[in-house]
Each structure stands twice: as structure tokens, then as C-alpha cells.
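Just below is one structure, and these are the notes that go with it.
The values are calculated or read from the model by the stated rules, or taken from the named source; none is laboratory data. In this text the structure is predicted, and so the values were computed from the model without any measurement. Please note: Cβ atoms are built from the backbone with ideal geometry, for glycine as well, and neighbour counts cover all protein chains shown. The accessibility values were calculated without ligands, DNA or RNA, using every heavy atom of the protein model including side chains. Shrake-Rupley method; radii C 1.70, N 1.55, O 1.52, S 1.80 Å.
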Amino acid sequence: MTLKVSLIFPQDGAVLTNFPANLEIKVTRGDMPVQGARVQFWMMGGLHDAEMHNAFLTVTDSSGYAHLTLLNQNTLDQGPYTWYADAIKPGFRGGASKVIVFINPFGNTNGISTSGGTVSTDQNEYSIVPGNGASIVIHGNVNNYHLGQPIILKIKSPSGKTAQIVEYGTYLGAFQSVYKLGQNSELGRYSVTVSHNYSTSSTNEFHIVK
């Protein structure tokens, strides 16, 4: 039977803010945990797209879990990382997890440069609809985009509160997202900032009116 490898933490698109952080996976056979499976963690990303492996070897515990501890955020480059894990054990077919992304907002920033691009909304002004609020369609593109890397949209309210959305672009760097405001949301000017590889790509504004 084939081993099933599930990524437990971090989830796809997660921003790691607390260190040390553990990459956590679980290996199962059907619904049963598998102890003693040999697990290899794979990571690629950061500013230099450095692939790291071989040292990241461990085995699963009695509950089927295995961990990779990232001791210090500054040992990693700042930026997005793709990661996955595979597992083998005698008597089983080896298995591999899906590939997902996490983001390190700290660490080395050498070499970051503005990627450039555009961002706009489908309207300049929106009204809050009682019972429904408002839906703002945000779209644009980033230059020099690599498939699988997150595009970060930060929406800042008139009072300075910030919301964040993680999206992924097409192979040309195009993206679209819908930002929803509740019926009690602030009136006034909102700003949208788009970042890619932790450099500001573009900004725009929209207004919420009565």
C-alpha cells in the first residue's frame, strides 16, 4: 500500500511570524499512522531560490508525525518558499505530499528590487449595500512573475487598519481578487498595495461612500 504524506503546518500561503517554527507532516497508510517511515523535507525559495535538502531527514513517531524545526528566521532569506515532503518505509510504496507555499517575512533582504506592475479596481467608488456590504474586484499584474510565488495584496482603511490577501498569478503575472467589506465598514479612501517577492509592485486607491 502507498504511504500518504499530508502537510500539517504551515498551511498553503501562511506567513511565519513565530520562531522557532516547525514544518509538520503526517504519514499514514489509509487512516492509520505509520511509525518509523523515513521522511525527507524539500524546500526551495527565498531571494536566491536556493534548494535545500539532504540534511532534512527524519523519521515519523508513533502517531505518524515528523517535524523540521526552523530555528531562526534570519537563517532563511526573506520571501516565499515552496515545500513538500516524501516518505519511504520497507514493505510500502513510497509517497509524496503536494507542494505548497509558506512565506518568511524576516531574514536576509539583500538583492530585493522593485518588480513593477499594475493594480486597479473595477470601480473608483463603492457604496455599502445594507445587508450585503461591498465587493471590490482588484486586478492587475506583476512583472517578472514566477508561477507558484505568492502575490500579496494589502488593503489599508481610512483609519489605517490593514487587511492582507494572498493570491497567485498566471504565467504572465496576471491576478484577480475580491475584497469584501461589511455593512459597517469605514467610509473614505482605501489604498491597495501589491507586493511580489516582498518588493512593492504597484499601488492604487478606491473610495467607500454613502
Listed by first then second residue, the pairs whose first member lies in the range 140-153 and is closer than 19 Å to Thr203 by Cβ, whose partner is surrounded by fewer than 21 Cβ atoms within 10 Å (Cβ to Cβ) and at pLDDT below 80, with beta carbons under 6 Å and at least 6 positions apart or on separate chains, are Val142/Ser115; Asn143/Ser115; Asn143/Gly116; Asn144/Ser115
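Condition check ((1) on the phi < 0 side of the Ramachandran plot; (2) of a type in the set (Val, Ile, Thr)) across all residues:
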{"site": "Ile138", "(1), (2)": "yes, yes"}
{"site": "Gly160", "(1), (2)": "no, no"}
{"site": "Ile165", "(1), (2)": "yes, yes"}
{"site": "Phe175", "(1), (2)": "yes, no"}
{"site": "Lys180", "(1), (2)": "yes, no"}
{"site": "Ser191", "(1), (2)": "yes, no"}
Practice problem: Please indicate, with yes or no, whether at least one residue in the range 166-180 is β-branched (Val, Ile, Thr), touching a strand residue (DSSP E or B) at 6+ places or on another chain (Cβ under 9 Å), surrounded by 15 or more Cβ atoms within 10 Å (Cβ to Cβ) and not in a loop (DSSP other than H, G, I, E, B). | Solution: yes
Considering residues that are farther than 11 Å from Asp86 by Cβ and modelled with pLDDT of 50 or more, the number found within the range 36-55 is 5
The residue from Pro130, Pro80, Pro90 that alone is modelled with pLDDT of 85 or more and within 30 Å of Ser185 (Cβ to Cβ) is Pro130
Flagged pairs (Cβ under 9 angstrom, 6 or more apart or on separate chains; first in the range 30-48, in a loop (DSSP other than H, G, I, E, B); second of a type in the set (Phe, Trp, Tyr) and modelled with pLDDT of 85 or more) are Val34/Phe92; Ala37/Phe92
Condition set of a type in the set (A, V, I, L, M, F, W, C), modelled with pLDDT under 90 and open to solvent by less than 20 Å² (accessible area, probe 1.4 Å), scope the range 1-35, selection nearest to Ile165 (Cα to Cα): answer is Leu16
Right, Val192: of a type in the set (A, V, I, L, M, F, W, C), surrounded by fewer than 13 Cβ atoms within 10 Å (Cβ to Cβ) and assigned to a strand (DSSP E or B) or not?
-> no
Only unsatisfied item for Ser185, checking (1) surrounded by fewer than 18 Cβ atoms within 10 Å (Cβ to Cβ); (2) outside any loop (DSSP other than H, G, I, E, B); (3) touching a residue at least 24 places away in the same chain (Cβ under 8 Å); (4) out of contact with any Asp or Glu (no Cβ under 6 Å at 6 or more places or on another chain), is (2)
